[in-house]
Amino acid sequence: MPKSYLIDMDGVIVRGSELIPGADTFLERLYQRAIKFLILTNNPLYTPRDLQHRLQRLGINVTADHLYTSALATAQFLKKQRPDGTAFVIGESGLTQALHEAGYVLTDRDPDYVVVGETTALNYDRLTQAVRLVSQGARFIATNPDPNGPSEGGLVPACGAITAFIEAATGVQPYFIGKPNALMMRTALRHLNEHSENAIMIGDRMDTDIRVGTEAGLETILVLTGVSTRALVEKFPYQPTRIVESVAELEMG
């Protein structure tokens, strides 16, 4: 049986708004050989259908079922922890839709959770509400710990930067769901109906992708099309199973 693949998106399949050369043919080989795969992203802004459209514009034909975000992982975690719960949310449609589909009601009145993702429309009033609700006892959850992310114009503040504001004001640390929390890998594997022993994690970051794959018990492959270099790898106490220049090099059984 060929192994299934969990594939980081940014730095492995795309770089910003550009396709990484050979990524499209790699995914096509997976399709042709009927190998199960999921494309993962810590970015909670977009729904799987939004991401599907983005990738299709770059020439990658995948279905929404092949895309898994930290927002989906967060929604599944909350559904299991407290079914039919309530949440105050700082985030965009990728997160709010996932929570609605998990049976959650979004409210600013005594919510079970304050859930923070990423947003392009952050305002002081929403931050103040989040601070007050966490101070009053709402559980503090965040989709991912990334302090910043890439954009066409350069770095933008991401989920970790927003949560830092709330944490500084309340003294309460959030529980992060996305990578490098192995919880995201386990929910992704359940989504694939796959076991860790028969799965491979492909990523470009040692501190998130390779760490989470290692901790979840997967074989790991580091690609050098993102932020990591061979010299950087040596500084980490854990190592990837393999290092390749890009996914274009990969052959699967």
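Using 0.36 nm times the number of residues separating Gln173 and Leu19, minus their current alpha carbon distance, what extension gain do you get?
Separation in residues times 0.36 nm, less the Cα-Cα distance, equals 51.8 nm.
Roughly what angle does helix 124-135 make with the longest principal axis of the chain, taking Cα atoms, 0 to 90 degrees, to the nearest 10?
Compared with the principal axis, the helix lies near 80 degrees.
Report, in debye and to the nearest 20, how large the dipole of the chain comes out about its Cα centre when Lys and Arg carry +1 and Asp and Glu carry -1 on their Cβ. Could the numbers behind the result be given before it?
Working: 23 positive and 29 negative charges, 83 e Å.
So the dipole magnitude of the chain works out to roughly 400 debye.
Using square roots of five times the C-alpha gyration tensor eigenvalues, list the equivalent-ellipsoid semi-axes of the stretch 108-253 in whole Å, biggest first.
That gives 34, 18, 13 Å for the three semi-axes.
Give the angle, between 0 and 90 degrees and rounded to the nearest 10, that separates the Cα long axis of helix 182-192 from the longest principal axis of the Cα atoms of the chain.
60 degrees
Hand me the trypsin sites (Lys or Arg not before Pro) from the stretch 161-253 located in a DSSP loop with no more than 11 other Cβ atoms within 10 Å, in residue order please.
Answer in residue order: Lys235.
Quote the Stokes-Einstein diffusion coefficient, in whole µm² s⁻¹, for the stretch 81-176, based on the Kirkwood radius over alpha carbon pairs, a temperature of 4 °C and a viscosity of 1.567 mPa s.
D, rounded to a whole number, is 96 µm²/s.
Would you mind counting up the charge near Cys159? Only other residues with Cβ under 10 Å from its Cβ, with Lys and Arg at +1 and Asp and Glu at -1.
Once positives and negatives cancel, what remains is -2.
Roughly how far apart, in whole Å, are the Cα centres of the stretch 3-65 and the stretch 229-253?
Comparing the Cα centres of the stretch 3-65 and the stretch 229-253, I get a distance of 19 Å.
How much of the DSSP beta bridge set in the chain is antiparallel, as a percent to the nearest 5?
Values: 4 of 35 bridges.
Among the beta bridges of the chain, antiparallel pairing accounts for roughly 10 percent.
Taking 7 Å along the Cα-to-C-beta vector as the label spot, tell me the Ser93-Glu197 distance in nanometres, rounded to one decimal.
It works out to 4.3 nm between the two label points.
For the chain, set up a GNM with springs between Cα atoms under 10 Å and report which of Gly154, Gly217, Gly171 has the largest fluctuation.
Taking springs between Cα atoms under 10 Å, the residue moving most is Gly154.
Say each of Ala121 and Ile243 gets a label point 7 Å from the Cα, pointing the same way as Cα to Cβ; how far apart are those two points in nm?
Taking the two extended label points, one gets 4.5 nm.
Using a Förster distance of 51 angstrom, determine the FRET efficiency expected from the C-beta separation of Gln129 and Glu215, and round it to 0.05. Don't jump to the answer; show the numbers that get you there.
Details: r = 34 Å, r/R0 = 0.67.
It comes out at approximately 0.90.
Projecting each Cα onto the charge dipole of the stretch 81-176 (Lys/Arg +1, Asp/Glu -1 at the beta carbon, about the Cα centre), which of Phe140, Gly91, Leu106 comes out farthest on the positive side?
Positive-end residue among those listed: Phe140.
Using DSSP, restrict attention to beta bridges with both residues in the stretch 81-176 and report what percent are antiparallel, rounded to the nearest 5.
Values: 2 of 14 bridges.
The answer is about 15 percent antiparallel.
Among the chymotrypsin sites (Phe, Trp or Tyr not before Pro) in the stretch 51-158, which ones are in a DSSP loop with at most 14 other Cβ atoms within 10 Å of the Cβ? Mind listing them?
Qualifying residues, ordered by number: none.
Values in this text are rule-based calculations from the coordinates and carry no lab data. Since this is a predicted model, take the numbers as computed values, not measurements. Positions of Cβ are backbone-derived with ideal geometry, glycine not excepted, and every protein chain shown enters the neighbour counts.
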